[in-house]
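Read-outs throughout are calculated quantities, based only on the coordinates presented, and are distinct from any laboratory measurement. Just so we're clear, the structure is a prediction, and the values are computed from it rather than from any experiment. Here the Cβ positions follow ideal geometry from the backbone for every residue, glycine too, while neighbour counts run over all protein chains shown.
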Amino acid sequence: MLTPFHLAINVTDLDQTRGFYGDVLGAKEGRSTETWVDFDFFGHQLSFHLGPVLKIESTGYVGEHLVPMPHFGMVLAPPDWRVLASRLHAAEVVFVIPPSVRFEGEPGEQWTMFFRDPSGNPIEFKGFTDLDRVFASH
């Protein structure tokens, strides 16, 4: 059984963060103060604190793409991934890498999409048909 992870990162505006993670991504808000807010992010604890955002560079080579580093995200079943992709399109989120499939026909076949939150933090969502194959090498 997986246990929840905790990730705390900086953002520049808590109201924008609430709107994006709550309204667009559907995360449920938890505890908060004037300087931070927690979210239930697909069963994990994601905390946002006011402060300078990490320096982001597109240095991660994955397949044919150069992806922003560092980044975080979730692995979802394809139906949930497609629903989220539709929500992001409806919210007119600008994609760093639009929804697409990579490693097609290989053990690591996955659907992926990259975008940024209002503070510029990059997020990746992956879709795997078989979640037991997330770490498969062959």
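One table, with the values for the structure above:
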item	result
Added length on full extension, which subtracts the Cα-Cα distance from 0.36 nm per residue, residue 44 to residue 15	8.4 nm
Choice from 39, 95, 103 with maximal GNM fluctuation in the chain (Cα, 10 Å cutoff)	103
Rounded if a/c under 1.5, otherwise prolate or oblate - segment 6-50, Cα gyration tensor axes	oblate
Rough spin-label spacing in nm, given labels placed 7 Å along Cα→Cβ, for residue 31 and residue 131	2.7
19 Å cut-off, amide nitrogen to a point 7 angstrom out along residue 94 Cα→Cβ, residues in segment 33-67	53-59, 66-67
Among 117-126, 23-32, the order from most to least packed when residues are scored by Cβ within 10 Å on average	117-126, 23-32
Label-zone membership for segment 116-137, site residue 101, 7 angstrom Cα→C-beta point, backbone N under 14 Å	127-130
